[in-house]
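Here's the structure, in structure tokens; my notes come after.
The values are calculated or read from the model by the stated rules, or taken from the named source; none is laboratory data. This one's a predicted model, so the numbers in the text were calculated from it and none came from an experiment. Cβ sites come from the backbone with ideal geometry, for glycine too, and all protein chains shown count toward neighbours. These area figures cover heavy atoms from the full protein model, side chains too; ligands, DNA and RNA do not enter into them. Shrake-Rupley method; radii C 1.70, N 1.55, O 1.52, S 1.80 Å.
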Amino acid sequence: MDATLNVILFLPFGGLLNSVLPRRPLSAIGLAWVTSLLIEIAQGLFLPGRTSSAIDVAANTLGAALGYAATALVRWQRRERSKRRLTTTATADSADTTSASPAA
């Protein structure tokens with residue numbers, strides 16, 4: 001359950017990383033890993049009763065990677081939809097100009 005919450009917690013961070021590093025997924029995942037590692041180290045050092053966990057680091061990194069991928073997928077779908085609209089509009093415009101014949 002704890003690992004699942006860590007994955008969910010880092011989903012938005014992955015989306016943010018996609019906005020900052022849109023074409024650099026490995027850099028984004030590396031940054032997510034380092035961020036998670038620093039959080040776990042700080043937790044172990046400064047919060048009494050808390051221990052650092054490699055599973056938490058892995059779950060956080062997975063969450064960020066999934067958030068990054070989901071954001072990339074949404075962006076790709078929007079681009080494709082936009083391309084289809086432009087193609088459809090251009091086709092409709094050219095059909096309008098070719099079907100119109102001059103009045104005789």
Using only Cα atoms, find the angle between the long axis of helix 54-99 and the longest principal axis of the chain, and express it within 0 to 90 degrees, rounded to the nearest 10. 0
Between 0 and 90°, nearest 10: helix 25-46 axis offset from the chain longest Cα axis: 30
Helix 2-20 against the longest principal axis of the chain: what's the angle in degrees, Cα atoms only, rounded to the nearest 10? 50
For the chain, the accessible surface attributable to carbon and sulfur atoms (probe 1.4 angstrom, ligands and nucleic acids excluded) amounts in percent to 68
Identify, among PHE46, GLN77, ALA28, the residue whose Cα sits farthest towards the positive end of the charge dipole of the chain, taking +1 on the Cβ of Lys and Arg and -1 on the Cβ of Asp and Glu, with the dipole about the Cα centre. GLN77
Residue-normalised value, i.e. accessible area per residue, for the chain at 1.4 Å probe, in Å², stands at 72
Given charges at beta-carbon only (K, R positive; D, E negative), |dipole| of the chain in Debye: 340
Return the single residue from ALA32, ALA65, ALA54 with maximal mean-square fluctuation; model: Gaussian network over the chain, springs between Cα atoms under 10 Å. ALA54
Between the modelled labels at ARG81 and MET1 (7 Å from Cα along Cα→Cβ) the distance in nm is 3.7
Go ahead and run the numbers for FRET between ILE41 and ALA70, Cβ-Cβ distance against an R0 of 35 Å, rounding to 0.05. 0.80
Could you identify which residue out of ARG23, ARG75, ARG84 has the top mean-square fluctuation in a GNM of the chain using Cα springs shorter than 10 Å? ARG84
Along the principal axes of its C-alpha atoms, what lengths does the chain span, in descending order and rounded to whole Å? 91, 25, 16
